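Just so you know, all these numbers are worked out from the coordinates, no wet-lab data involved. The structure presented is a predicted model; accordingly, all values stated were derived computationally and were not measured. Using ideal geometry, Cβ is built from the backbone for each residue, glycine included, and neighbour counts are taken over all protein chains shown.
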Amino acid sequence: MVNLEDAVIARLESHGERFEILVDPDLSAEYKKGSNESGIEIETVLAVEEIFKDAKKGDKASEEGMLKVFQSTDPLEVAELIIQKGQIQLTAQQRREMLEDKHKQIVAKIAREAINPQTGFPHPPKRIEKAMEEAKVHIDPFKTVDEQINIVLKAIRIKIPIRFEKVKIAVMMPGEFAGGAYTAISKFGKIYKEEWQQDGSWIAVVEIPGGLQDSFHQKMSELTGGNVDTKVIK
């Protein structure tokens, strides 16, 4: 458990009730990010196994209120839900680090899956970052990338032409490389269809996120020593 002097408040308000717990600022942020998959035990996150109505005053929450909102009076079960669904008072450094990490994840996903519909090619990450900055995009450190991605896309469309799109690419290579191609392609997308030619070459149509076109062409070239043809199918 964290010392009371070092603890911060995690708070959840629901059904006209307020619930607060005292938590380790670092462990609670990690626990919230990874939920039960973080590997952190809820007991180690708490400074004290108590649920408060007002932690600063030491006023405890009523069992009636906990039952109404959480269907439980078990402090560990309630504390887990408060961390997962409520707000944690972060230090300035924590919030900055979490925002930077979430920002990078969002930029990476957009760069991976989006294209410029005017050219059919992906936008470089720096162009996406600049568009987000110019559009004054707000990132929530506690929401997932998927929860925010559409909001971010909508905001930056006023700055750059962009949309999520998958592309189909025709691939032809000597049959000796086909086995390795299966493994490599699975990391990009999926094989739509394939066939073997009479000369032993392997042909496939692959579907991948639009932003991965350059990386895909490069990987296929590396895999075959340049002995490959790839072409985007319009």
Point to revise | Which of 103, 221, 14, positive extreme of dipole for the chain (C-beta unit charges) | key: 221
Exercise for review: List the residues whose amide H sits under 5 Å from the amide H of residue 166, counting only those 5 or more places along or on another chain, with H placed 1.01 Å from N in the peptide plane.
Suggested key: 210
Point to revise | D_trans [Stokes-Einstein, Kirkwood Rh over alpha-carbon pairs] for the chain, 37 °C, 0.692 mPa s, µm² s⁻¹ | key: 154
**Study point:** Qualifying trypsin sites (Lys or Arg not before Pro) in the range 54-100, DSSP loop, other Cβ atoms within 10 Å at most 11
**Key:** 56, 57
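Loop-only check: which trypsin sites (Lys or Arg not before Pro) in the range 182-215 are DSSP coil with at most 15 other Cβ within 10 angstrom? List each step's numbers first, then the result.
Numbers: sites: 187, 190, 193; in loops: 187.
Sites meeting the loop and neighbour criteria: 187.
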Revision key, fill the gap. The range 147-222 and the range 37-83 have their Cα centres apart by a whole-number Å value of 47
Review point. How large is the Kirkwood hydrodynamic radius of the range 5-82, in angstrom, based on all distinct alpha carbon pairs?
Key: 12.5
Revision key, fill the gap. Taking Lys and Arg as +1 and Asp and Glu as -1, residues besides residue 188 with C-beta under 14 Å from its C-beta add up to +2
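Mind checking the alpha-carbon convex hull of the range 166-233 and giving the volume per residue in Å³? Walk me through the numbers before you get to the answer.
Details: hull volume 4.8 nm³, N = 68.
Normalising the Cα hull of the range 166-233 by residue number yields 71 Å³.
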Revision key, fill the gap. HN-Hα couplings for the range 104-114 via Karplus (6.51, -1.76, 1.60; θ = phi - 60°), in whole Hz with x for Gly/Pro, come out as 4, 5, 5, 4, 5, 5, 5, 5, 6, 10, 9
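Report the convex hull volume per residue for the range 92-163, counting only C-alpha atoms, in Å³. Don't skip to the answer; put the middle values down first.
Details: hull volume 5.4 nm³, N = 72.
So the per-residue Cα hull volume is 75 Å³.
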Exercise for review: Starting from the amide H of residue 72, placed 1.01 Å from N in the peptide plane, find each other amide H under 5 Å away whose residue is 5 or more places distant or on another chain.
Suggested key: 67
